[in-house]
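Colleague: Before I ask anything, let me first share the structure, which is written out below as structure tokens.
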């Protein structure tokens, strides 16, 4: 699977939007972009995923650049509960490996 | 919402002892996983399991580790002879289908293993 690069940490203010970037310049046409997050003292949880088009769900939006070399996870209104480590992971749909490997992620701090 | 449950939440063992970590995946899920996270480090994939067989394993998952689905609901990770470096949070996860089809992973809250 292609590599992703994320900032180590970001800060935001409560009730403001947060844009978490992810660079994946070597992405292939069959790589899906997955986002998970890990709240303190919990296991990771799924946030969103997409291939080419922007995606929205109740938790977040995923904006994918036209060349697909980067993407942004958008939390529309950060709450204190959104403080977590956010992981951007590429998963090639061609490969038959049944695994999902996590990188270091971005630690998001939300200030009241 | 259905969830993956793990027991115990914290386990303390002596170096060299065998330990079994237990998980109950979501009931209609067919694929099961173990991950670990050493304090302050990233979440590391250990193994995936389907139809009573290991489907994928990482370089961490050596002969000291084994997995089993002993009955219709539990999924276990056994460490035969624990080492100090096995101290970590161990997460169980499950999916309905194969990850390559973009199934969502559902994780449990983890078992903190402390090897003394």
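Colleague: Are any of the residues in region A:31-42 more than 14 Å from chain B (Cβ to nearest Cβ), touching a strand residue (DSSP E or B) at 6+ places or on another chain (Cβ under 6 Å), in contact (Cβ under 8 Å) with a residue 40 or more places away in the chain and surrounded by 15 or more Cβ atoms within 10 Å (Cβ to Cβ)?
Modeller: no
Colleague: Pick from region B:89-104 the residues that are more than 14 Å from residue B:9 (Cβ to Cβ) and crowded, with 22+ Cβ neighbours inside 10 Å: which of them is nearest to the other protein chains (Cβ to nearest Cβ)?
Modeller: B:99
Colleague: Which of the residues spanning region A:43-58 are part of a loop (DSSP other than H, G, I, E, B), within 12 Å of chain B (Cβ to nearest Cβ) and more than 14 Å from residue A:75 (Cβ to Cβ)?
Modeller: Scanning region A:43-58 gives A:43, A:44, A:51.
Colleague: Which condition number does residue B:85 fail, the rest of (1) within 10 Å of another protein chain (Cβ to nearest Cβ); (2) part of a helix (DSSP H, G or I); (3) within 14 Å of residue B:37 (Cβ to Cβ) being met?
Modeller: (1)
Colleague: Could you figure out which of (1) surrounded by fewer than 17 Cβ atoms within 10 Å (Cβ to Cβ); (2) in contact (Cβ under 8 Å) with a residue 60 or more places away in the chain; (3) in contact with a strand residue (DSSP E or B) (Cβ under 9 Å, 6 or more places away or on another chain) isn't true of residue B:81?
Modeller: (3)
Colleague: Just the residues that are more than 12 Å from residue B:108 (Cβ to Cβ) and more than 10 Å from chain A (Cβ to nearest Cβ), please, taken from region B:30-46.
Modeller: Correct list: B:30, B:36, B:38, B:39, B:40.
Colleague: Let me ask something else. Do we find a residue being under 25 Å from residue B:31 (Cα atoms) and either in contact (Cβ under 8 Å) with a residue 60 or more places away in the chain or surrounded by fewer than 17 Cβ atoms within 10 Å (Cβ to Cβ) (or both) anywhere in region A:68-86?
Modeller: Taking every residue of region A:68-86 in turn, at least one turns out to be under 25 Å from residue B:31 (Cα atoms) and either in contact (Cβ under 8 Å) with a residue 60 or more places away in the chain or surrounded by fewer than 17 Cβ atoms within 10 Å (Cβ to Cβ) (or both).
Colleague: Looking only at region A:90-112, which residues are surrounded by 16 or more Cβ atoms within 10 Å (Cβ to Cβ) and at pLDDT 95 or above?
Modeller: A:105, A:106, A:107, A:108, A:110, listed by residue number.
Colleague: Hey, residue B:51 hits all of (1) within 10 Å of chain A (Cβ to nearest Cβ); (2) more than 29 Å from residue A:40 (Cα to Cα) but one; which does it fall short on?
Modeller: Answer for residue B:51: the failing condition is (1).
Colleague: I'm checking my understanding of the structure. Among residues of region B:105-116 that are part of a strand (DSSP E or B) and more than 7 Å from chain A (Cβ to nearest Cβ), which one is nearest to residue A:90 (Cα to Cα)?
Modeller: Filtering region B:105-116 for residues that are part of a strand (DSSP E or B) and more than 7 Å from chain A (Cβ to nearest Cβ), the one nearest to residue A:90 (Cα to Cα) comes out as B:106.
Colleague: Next up: Would you call residue A:65 more than 12 Å from chain B (Cβ to nearest Cβ), in contact (Cβ under 8 Å) with a residue 12 or more places away in the chain and in contact with a strand residue (DSSP E or B) (Cβ under 8 Å, 6 or more places away or on another chain)?
Modeller: Spelling it out, it is not the case that residue A:65 is more than 12 Å from chain B (Cβ to nearest Cβ), in contact (Cβ under 8 Å) with a residue 12 or more places away in the chain and in contact with a strand residue (DSSP E or B) (Cβ under 8 Å, 6 or more places away or on another chain).
Colleague: Within region B:53-64, can one find any residue that is in contact with a strand residue (DSSP E or B) (Cβ under 9 Å, 6 or more places away or on another chain), buried (at least 18 other Cβ atoms within 10 Å of the Cβ) and within 16 Å of residue B:22 (Cα to Cα)?
Modeller: No, every residue in region B:53-64 fails to be in contact with a strand residue (DSSP E or B) (Cβ under 9 Å, 6 or more places away or on another chain), buried (at least 18 other Cβ atoms within 10 Å of the Cβ) and within 16 Å of residue B:22 (Cα to Cα).
The values are calculated or read from the model by the stated rules, or taken from the named source; none is laboratory data. It should be emphasised that the depicted structure is a prediction, and the values quoted were computed from it without experimental measurement. Positions of Cβ are backbone-derived with ideal geometry, glycine not excepted, and every protein chain shown enters the neighbour counts.
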